[in-house]
Structure formats: structure tokens, C-alpha cells
1. Can you tell me which residue among A:GLU64, A:GLU105 is buried (at least 16 other Cβ atoms within 10 Å of the Cβ), closer than 30 Å to A:ALA17 by Cα and touching a residue at least 60 places away in the same chain (Cβ under 8 Å)?
2. Read through the list (1) part of a strand (DSSP E or B); (2) out of contact with any Gly (no Cβ under 7 Å at 6 or more places or on another chain); (3) within 9 Å of chain A (Cβ to nearest Cβ), then give the number of the only condition that B:GLU316 fails.
3. Filter region B:15-66 down to residues that are among the aromatic types (Phe, Trp, Tyr) and part of a loop (DSSP other than H, G, I, E, B) and give me whichever is modelled with the highest pLDDT.
4. Return a yes/no flag: does region A:70-82 have any residue that is surrounded by fewer than 20 Cβ atoms within 10 Å (Cβ to Cβ), under 19 Å from A:TYR130 (Cα atoms) and either of a type outside the set (S, T, N, Q) or in the same structural domain as A:TYR130 (by TED's automatic domain parsing) (or both).
5. Looking only at region A:256-267, which residues are more than 7 Å from every other protein chain (Cβ to nearest Cβ) and closer than 24 Å to A:THR114 by Cβ?
6. I'd like the full set of residues that are among the acidic types (Asp, Glu) and within 12 Å of A:SER71 (Cα to Cα), limited to region A:126-143.
7. Give me the residue from region B:280-338 that is closer than 22 Å to B:GLU51 by Cα and among the hydroxyl-bearing types (Ser, Thr, Tyr) and, out of that set, surrounded by the most Cβ atoms within 10 Å (Cβ to Cβ).
8. Here are the criteria: (1) surrounded by fewer than 22 Cβ atoms within 10 Å (Cβ to Cβ); (2) closer than 30 Å to A:ASP314 by Cα; (3) in contact (Cβ under 8 Å) with a residue 60 or more places away in the chain. Tell me which single one A:ARG23 does not satisfy.
Protein chains: 2
Amino acid sequence: MSTFKAYGVLNATSSLAPLQITRREPQPHDVAIKIAYCGVCHSDIHQARNEWGNSVYPMVPGHEIVGTVTSVGAKVRRFKVGDKVGVGCLVDSCRQCPDCKEGLEQFCSRPIFTYNCLELDNKTPVQGGYSSGIVVHEDFVLRIPDYLPLDKTAPLLCAGITTYSPLRHWNAGPGKKVAIIGLGGLGHMAVKIARAMKAEVTVLSRTLDKKDDAIKLGAHHVYATNDPKTFEHLAKNFDLIINTVSVKLDWGAYLGLLQRDGTMVLLGVPTDAPQLHAFSLIMGRRSLAGSLIGGIKETQEMLDFCGKHNITADIEIIPMVKINEAYERVIKADVKYRFVIDMASL
Amino acid sequence: MSTFKAYGVLNATSSLAPLQITRREPQPHDVAIKIAYCGVCHSDIHQARNEWGNSVYPMVPGHEIVGTVTSVGAKVRRFKVGDKVGVGCLVDSCRQCPDCKEGLEQFCSRPIFTYNCLELDNKTPVQGGYSSGIVVHEDFVLRIPDYLPLDKTAPLLCAGITTYSPLRHWNAGPGKKVAIIGLGGLGHMAVKIARAMKAEVTVLSRTLDKKDDAIKLGAHHVYATNDPKTFEHLAKNFDLIINTVSVKLDWGAYLGLLQRDGTMVLLGVPTDAPQLHAFSLIMGRRSLAGSLIGGIKETQEMLDFCGKHNITADIEIIPMVKINEAYERVIKADVKYRFVIDMASL
């Protein structure tokens, strides 16, 4: 066992504070990583505070991890000391089920999430990226394109893949009209990626306050959803809507913005389940679907795509000691557009 | 104008009673049809009683129409006197929009439904199939395969196409596991058609009361949805679920029966909109979709498919005077599985 410095919570109501954690000694297929940066995802907060009801403590959050390889196990061939690498929301899975075999480990019935989860032994807790280092099986380590800056790349490991995967799966591309609901951590990545995929990109934001930002990020159009005329003007307009927000919306109203055979994809989970009238789907043969992060193969594809198109996140770098303040600001959506912790400050 | 005998309603609370109606003189592209049989669809009742809030009176319901051509306009080339033909839910559409051009007239923004609708002149009401005859543009007349009996074929014009279309669109076929929720007019057709498409067919019915029937109709498996174990046993089982019922169900529970990337298609509209938790869709990248009857081209394809596979509806033939009683029995789901009016009784 090796010890690592970290920041974590001891229970659902405690602030994040320094912790010392242990991780396994690197096994033959493991990669040991010195963490340089870790992004702050809203789901870190949900889990630190047990808002999904499944939290186990002590917990070190963080699943937007980037850093440098410091050692590799004897059988590791794909990575070497000094490589720039990333770790996202998954650090292992059963590897046996059809989902794993198709490279969709996020749908495995026994995924090992990066924190708030147990290893396959069902005993050893895994801990996340608010930490000086991490040890991960090479199959779950991602290669960061050399020319991308590590700090701005960290959020790609969750916000990037969570938006890339549905855009790819539902064929965003030339000639396709794509709307992005919400311009936060996920939304701003969705705009950049959809634009790079050559779709026509519309941002649907509550007000026009972020209009200039949205255009700079790559949106072709921006509409305010607090204006009822938006829903008339854009009726039957989009092939695909990516809903990045977790607040309760009138899904039926948004489904009305889809063309025939269009799909709205949910990435967030409103705690209060919205009502849905079947008519919204029957008229125009529309679909409402969901998407969950992405598999390892697709995460590497996303990183390579972002490397090719020079796409990274817009971030605000913070030292570790500012994490509790950052959590409060994330809750107020007061960040453009992702906090990233500089682990040198730990 | 020609006059026809019919049965219809004068307002939302009147019983169906004899009416005399007029229809246009056959135009060069029109086909005049002597109606032999007309099926009784639950939507006839919804509209007769203004349960969708858009009813116009007097109204002659009926959109599962079969009969024989009695005369054709000068420019009609596709039909001749004596042909066995059908008319479904649509008698015209704008013909200009992308949906019409793709043969998906049901999604046209100006469809002319067979009754409770105005012709393209926005003045002349159209009347349905509880009538001795009908006059329809040849483009909206379907050819009935010669070897299918007319009476049992009538329900294909709505119940048949409404289930065939989503089964085809979502690729029911060999190797696919398809569940049908509900074994009524739509459900019993869905079972027959899905079986003929060579899918593995499961009926999900509230109880096992209809188990023997379901097996005879072609189902491989039948499960009771009032047994919670059904939802455990069939978790992640189906590629496609066709929900034929209009009552409010816990959609989330049924979505849990889908494999990854599976789709549940809604054909009915519960008046009380169900709540839906996004998690049901996000886990397994599932979709909830809707489907509405079918276009004319696909309706002909369905009839030809049913001809090839000798598929017709299970029906109970009634004389016209029994229609009010039949409505009450439809509401109680007391019919196996579709009432068909013998128009010789009119």
C-alpha cells in the first residue's frame, strides 16, 4: 500500500479537508500517475453530500484527472514513465458482460467508478482525483494528446465525454441542427464539440445573458427559453437536442422543437421527475433518450478528436484550499465554465 | 353531391343514430366505394364523445373501412369497378411538405383525417365509414389483397398499420426480442405482425387471464404485470417494447425491461401524463418514443405483408344497430378483439 495526500469528506455534512489515503501497490498491469490537475464536477458535490443516497465515507471525490505517469507495472506496454495521461469516471469494470465487450463499460452492471465505489474484491474502496496520485489498470488510462494543455484538458474526462458520446451516437454532423440546453460545464463543451463536428449549433439558455459567450464558444444561434416566442419560432426545428441541465423542465415543450424523428437526450437527472404527455412523442415520431458518460474506447476517441480540433474546456484554476468555496459557486452556476484544482497546491 | 346512409352523433352526449350525409361527386381522381365493413376503434369513441376536445358535429365516425369500388373518376388508372379496397385514417394531406413527400402523410401539418376534419377547402367536413359509401382521392385508397376476407381485414386499416409501422421502423425481426403491452385491438394485431416478422414475442398483460389467447395469437411468452417478479425476471430483456395501452403506467418500470439501446414506443395517450425519472433513460441509453398510424405507402406495404402471411384481425361482427352497445363493451375491453360493423345491416 502507498499513501497519498488528498482532500475529502468524512460524512455528508462535513467540509472537504486534508486526508491521507492509501492505494494499492502497482500491479503488473497498473499505471501509477502523479496527478497534475483535477476538474470539479457537480456530481462530486452530489456524492460528497450523499444527495444520491449511496455515499460511503471517507470519500475523496474527483473524476476529471490528468497527470504524468510515474511508474508502470511489469506487463504494461501502452504507457511509459513521463506520458501525459488521464483518468475519467471509470477505473475498472467486470470485463465479461456484453456491454464491457462492446467497449461500453459505463453500462456494465458492475462498473468501478473512480470514487464512491468498491474494487472488484467488493471490499476495497476506491478514491478519486483530489489527490497527489492514483494507481489505475492500464486499460482504464487515457492518453492525452501531447499538444493539449493539461489543466484545460482535465474537464474533458467527464464533461467532454458526457457530451461527445451522445453527439456522436445520435449523429451530430454536417447538415444536422443541434440544440444544447444549458451553458454550464457540460453545455459549453457540447457547443465546442458539436461545432467541431460541423453541426449547426443553437444554445437554448434561460436568458440571453450568456449570448456573447455562447457565440464565442461556437454557437451559431442563441435563444432565451424564458421567452415563449422561442418555442413558437423554433418549433419542429432540430434533429437533436442535448439537455445538459438537471433542473426540472417541461420536456414536452422542448420535444416540440424537434423535427420528425428527432431525439432529445437527457444527461442530467432532475430530482423531481417531470410529467410527460405521450402526445409530445407520438406527434412527429419523436424520441426522448438518455446518455451516460462514455466507454473507455470512446473516451480516447473523444480526446483524440479534441486534440485534432484543439478543443479544451474554459476553466478557472483554483488551489486545493479553495475547494469548499468552489462547491458553493458551482451550485450557484457561478463559474465559467469549470473549476480545475491545481494539485501542486495540495 | 350524393347522399349516403350513415350512423353518427349530433353532439358529445348523444347516442349514435341514423343520419343522412352528403359527399362530393366523384372528381377525376376520385374513387367511389360501397362500404362492406367498418371496424370500431377506441378513437371513434373518444371523438364521438369529444374526449380530445376537438370534435365537430354532426360526426360519422369510422376509419377502418373496406369495400368495393363502384365507380372511378376519368383520370383514375390504379383502380377499377369491382376492386376490393380499403380506406384508413387519412383521406388526403397537403402533399407539399417534406413529410408528405416522404410518404409520411400522418405527420403532415394539414392532414385530412377520415372524419372529424375539414377538406383542404377548410369548409367541407369529411365523414367516416359508418356509412353505405365513401368517395376518396385514389392516392389515399388502399388495395386489399384478393385472398383476405373483407370483414377481418377492416381493422388492419388502423389497428394493423398503427402496430406494423413502429415494428418496422424499430426493426422488429429475427433475433429481436419484442414485448407487446396490452392485448386489445392494437395488441392482438401487434402480436400477429411481430410474430410474422420473426421476432421473439412476449405479451405483457395485467393478469394471465388472456395467456392462452396470447399464445394462440402467436406470442412465445406471456407475463403478468400485476406480479412484481415479472419486472425482476425480465429486467434488461427486450430490444423493443410496443405499448398499446392508453392507461397511465409506470413507464420507468417498463423501461427497465429494455436492453441497452432499447426503445419503448407509445401508441396510446394517457389523459393523465405520467411522471418519468431521467434515470430510466440514462441507464442503458434507452429511448422512449411515439408512433402515429402510418403513411399511405406503408399502409399498402402492411396490407401486402398481411396478405402474404395471411394475417387478419380476430373480430366480432355486429349489425349497425348494435353500435352503442359495442361502444360500451369497447370501453370495458370486452371484445375479442375488434368489433366490425356489417354495413349490409345499415
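The values are calculated or read from the model by the stated rules, or taken from the named source; none is laboratory data. Being a predicted model, the structure only gives us computed values, none of them experimental. Every residue, glycine among them, receives a Cβ derived from its backbone with ideal geometry; neighbour counts consider all protein chains shown.
1. Values: A:GLU105 fails: closer than 30 Å to A:ALA17 by Cα.
Matching residue, one of A:GLU64, A:GLU105: A:GLU64.
2. (3)
3. Taking region B:15-66 as the starting set, the residues that turn out to be among the aromatic types (Phe, Trp, Tyr) are B:37, B:52, B:57.
Cutting the leftovers down to part of a loop (DSSP other than H, G, I, E, B) gives us B:52, B:57.
On the way: B:TRP52: 86, B:TYR57: 96.
Here the answer is B:TYR57.
4. So far as region A:70-82 goes, yes, one or more of its residues are surrounded by fewer than 20 Cβ atoms within 10 Å (Cβ to Cβ), under 19 Å from A:TYR130 (Cα atoms) and either of a type outside the set (S, T, N, Q) or in the same structural domain as A:TYR130 (by TED's automatic domain parsing) (or both).
5. Within region A:256-267, A:VAL265, A:LEU267 qualify.
6. As a first pass, look at region A:126-143 and keep what is among the acidic types (Asp, Glu): A:138-139.
If the condition is that a residue be among the acidic types (Asp, Glu) and within 12 Å of A:SER71 (Cα to Cα), then A:GLU138 is the only one that fits.
7. Looking only at region B:280-338, we keep the residues that are closer than 22 Å to B:GLU51 by Cα, and these are B:290-293, B:322-335, B:338.
If we keep only those that are among the hydroxyl-bearing types (Ser, Thr, Tyr) too, we end up with B:291, B:327.
Details: B:SER291: 23, B:TYR327: 19.
Per the criteria, the residue is B:SER291.
8. Only one criterion is unmet by A:ARG23, namely (2).
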